[in-house]
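What follows is a single structure, written as structure tokens, with notes after it.
The values are calculated or read from the model by the stated rules, or taken from the named source; none is laboratory data. The structure presented is a predicted model; accordingly, all values stated were derived computationally and were not measured. Heads up, the Cβs are rebuilt from the backbone with ideal geometry, glycines too, and the neighbour counts pull from every protein chain shown. SASA here: full protein model, heavy atoms, side chains in, ligands and nucleic acids out. Shrake-Rupley method; radii C 1.70, N 1.55, O 1.52, S 1.80 Å.
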Amino acid sequence: MTVTVVGIGGSVRPDSQSERAMHAVLDGAREAGAKVRAIGGESLILPFYDPHVAERTDAARELVAALRAADGVVLSSPGYHGTISGLMKNAVDYVEDLRDDERPYFDGRAVGCVGAAYGWQAAVTTLQALRSVVHSLRGWPTPLGAAVNSTEVRFGPDGECSDPKLAGTLRTIGTQLVEFAEHRC
């Protein structure tokens, strides 16, 4: 069985640091044998989640279908005022549409978390917020998470990370997602 890992992240700014970090995690998952899919940037511009409105846009249906099929998930958010972005929070709110599934929410799935911000405090608090969200959605945060301080680290146009240690951390998160999914199957 091939493991599927879905990455959700970034900001509305194309090719943001958080989106590049998400791609680095997905590269690690791909290297470990997973089929990967990234959903970021403009694909995350969705109507505010409303549980009382059954109608969904095509983009919202795509997001929910991708998460439903995922064996592992990566959440990579920019840090906005010490927590996850509104874009990320709204995307994660759509996980509520999985509530009646055989595997509700993120139940039984590993979720890699990455917080990226201009400064350590915001990067770390964003990472912590993501881990709390994953717990509340019955997911298993990977043992390793990443706080990306964008004042100290840069990702090049081809995804290369200026910090080899961080690059290794991001790849390891991807590997952990695949290993957990393979053990769960």
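When a/c is below 1.5 the answer is rounded, else prolate if a/b is larger than b/c, else oblate, so apply that to region 1-46 with a ≥ b ≥ c taken from the square roots of the Cα gyration tensor eigenvalues.
Details: a/c = 4.39, a/b = 1.84, b/c = 2.38.
Oblate.
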Checklist entry - Going by a ≥ b ≥ c, the root eigenvalues of the Cα gyration tensor, does region 91-185 fall in the rounded group (a/c under 1.5), the prolate group (a/b larger than b/c) or the oblate group? => result prolate
Item to check | J(HN,Hα) series, region 138-145, from Karplus relation 6.51 cos²θ - 1.76 cosθ + 1.60, nearest Hz, glycine and proline x | outcome: 6, x, 10, x, 4, x, 9, x
Checklist entry - Is the shape of the chain rounded, prolate or oblate, going by the alpha carbon gyration tensor and its root eigenvalues a ≥ b ≥ c, with a/c under 1.5 for rounded and a/b larger than b/c for prolate? => result oblate
Checklist entry - HN-Hα J couplings of region 90-97 from phi, Karplus 6.51/-1.76/1.60, θ = phi - 60°, integer Hz, Gly and Pro as x? => result 5, 4, 5, 4, 5, 4, 4, 5
Next on the checklist: Could you put R184, R131, R37, R154 in order of accessible surface area, largest first, with the 1.4 Å probe and the full protein assembly present?
Outcome noted: R184, R154, R37, R131
Checklist entry - D15 versus D158, label points 7 Å from Cα toward the beta carbon: distance in nm? => result 1.4
Checklist entry - Near the amide H of S16, under 5 Å away, which other amide H atoms are found, from residues 5 or more places off or on another chain, if H is placed in the peptide plane? => result S11
Checklist entry - Counting Lys and Arg as +1 and Asp and Glu as -1, what is the net charge of the other residues whose Cβ lies under 13 Å from the Cβ of R99? => result -4
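Using a cut-off of 14 Å between beta-carbons, work out the net charge of the residues near L177 (Lys and Arg +1, Asp and Glu -1, L177 not included). Could the numbers behind the result be given before it?
Numbers: positive: R30, K35, R37, R109, R171, R184; negative: D27, E31, D71, E179, E182.
Local net charge: +1.
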Next on the checklist: Ordering R68, R56, R103 by accessible area with a probe of 1.4 Å, largest first, what comes out?
Outcome noted: R68, R103, R56
Next on the checklist: Using the crude model of +1 on Lys and Arg Cβ and -1 on Asp and Glu Cβ, and no other charge, please compute the dipole size for the chain relative to its Cα centre, in debye to 20.
Outcome noted: 320
Checklist outcome for this item: Judged on accessible area alone, 1.4 Å probe, highest first, F180, F48 line up as F48, F180
Next on the checklist: Place a point 7 Å from Cα of S132 in the direction of its Cβ. Which residues in region 93-125 have their backbone N less than 12 Å from it?
Outcome noted: 125
